[in-house]
Amino acid sequence: MSELVERARAMAPGLAERSAEIEAARRVPAELSDALGAEGFYRMLVPAALGGGEVHPRVFAAALEELARGDAAAAWVVMTGSTTGLLLAYLEEGAARTILDARAEAALAGVFAPTGRAVPEAGGYRVSGRWAYGSGCENAAWRAGGCLVFEGERPRTLPGGGVEIRTCFFPAEDVRVEDTWEVSGLRGTGSHDLVVEDVFVPAERSCCVLADAPRHDGALYRFPLFGLLSTGVAAVGLGIARAALDAVMEMARTKRSRGGKRTMAEGELVQVTLARAEGRLRAARALVHETLDAVWETAAAGAALGDEERARIRLAATHAAETAAGVVDRVYTLAGGAAIWSRSPLQRHLRDVHVMTQHVMVGEPTLKPVGRILLGLETDSSQL
């Protein structure tokens, strides 16, 4: 097991003890965020040449699973922070180091969705915009947002077609955080809106991942960006499901009906349900890890990843997310009335996992291009 995964496993019990606090505050406390950063979690995907982890994607996924077993919100902000850190592989070294050197343990926060407007001017871009879902933003020294690049009143197009989406990095003082995060689950992620008004961003603090090549040549940077993001989302879901399943198994060993002598575990329906849930969860996790290993082997050999590899990653991630939610639903129902109380972690697992499933990276529409590729049909794989 990777040392990073071991550190995540060691932190999980402490995160679980603070879950209620994290949810009530609607954010990961600053000192806890810094502790996660000090362990290297926000820099898992940053190039090693810049002082980052540059880890195998399987390590990335396994670390997130372990953290999510403790607290899903903490794992989520690590997931979004580390995938934002991946974008530093596209920046000039000086700009990347400026961002990384701000505070070694600080979180990163970013939203790829192009809801900003960038207008070219000498040396860079003049940017304004609002971005929803800024997970972990209150603890981030740097924040990023996707922008459409405008020339006049029309978005600029790329040479190969499609509009230019440029991710811009802003120091925290250039971004206003608006408290908007009133939601059913993953409340502790603090995913508020980020607002930027008429800020100049030097060209070297921006990148276009749909057109630019990474400036680092490791196997990790041959992986599709959206594939890694979807893997991270699904890994958090797998961790939530693992925590929920473990909680119900522990309950089954000790819980008795009123006046009853038999434990819940002695019921045949309980045995069959938990065995089936265990098998499904392990199978979904195994598919994710097997796929990451296979695609890594191709990337490590220096080969470009084709549509088939991209499709396999997204299929594994979406399947894992759906399976995780199904496992949580089933064990929550099995737990009966005990699951509904605020003191039970099961009600939080249920809410958290169903916010995870709403993420665009693991939604059912992701299966359409996957299915087209499996069927040998012409497919736009740019978003895979």
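What follows is calculated from the coordinates using simple rules that are stated; it is not laboratory data. Worth saying up front: this structure is predicted, and the values here are computed from it rather than measured. Here Cβ is always computed from backbone atoms with ideal geometry, including for glycine, and neighbour counts include all displayed protein chains.
Just Leu350, Leu50, Leu315 to compare: in a GNM of the chain, with alpha carbon springs under 10 Å, which one fluctuates most?
Leu50
Using only the alpha-carbon atoms, how far is helix 72-86 inclined from the longest principal axis of the chain? Give it as 0 to 90 degrees, nearest 10.
Between the helix axis and the principal axis of the chain, the angle is about 30 degrees.
Using a cut-off of 12 Å between beta-carbons, work out the net charge of the residues near Ala243 (Lys and Arg +1, Asp and Glu -1, Ala243 not included).
-3
For the chain, modelled as a Gaussian network with Cα springs under 10 Å, which listed residue fluctuates most, Ala301, Ala35, Ala20?
Comparing Ala301, Ala35, Ala20 in a Gaussian network model of the chain, the most mobile one is Ala301.
Between Glu364 and Ala286, what is the FRET efficiency for a Förster distance of 22 Å, r being their Cβ-Cβ separation, to the nearest 0.05?
With a Förster radius of 22 Å, E is 0.50.
Please give the length that would be gained between Val183 and Ala275 if that part of the chain were fully extended, namely 0.36 nm times their separation in residues minus their C-alpha to C-alpha distance (nm, one decimal).
29.9 nm
Once the Cα atoms of helix 3-17 and of the chain are each reduced to a long axis, what angle between those two axes, in degrees from 0 to 90 to the nearest 10, is obtained?
60
Give me the angle, in degrees from 0 to 90, between the Cα long axis of helix 345-356 and the longest principal axis of the Cα atoms of the chain, rounded to the nearest 10.
So the helix axis and the longest Cα principal axis differ by about 30 degrees.
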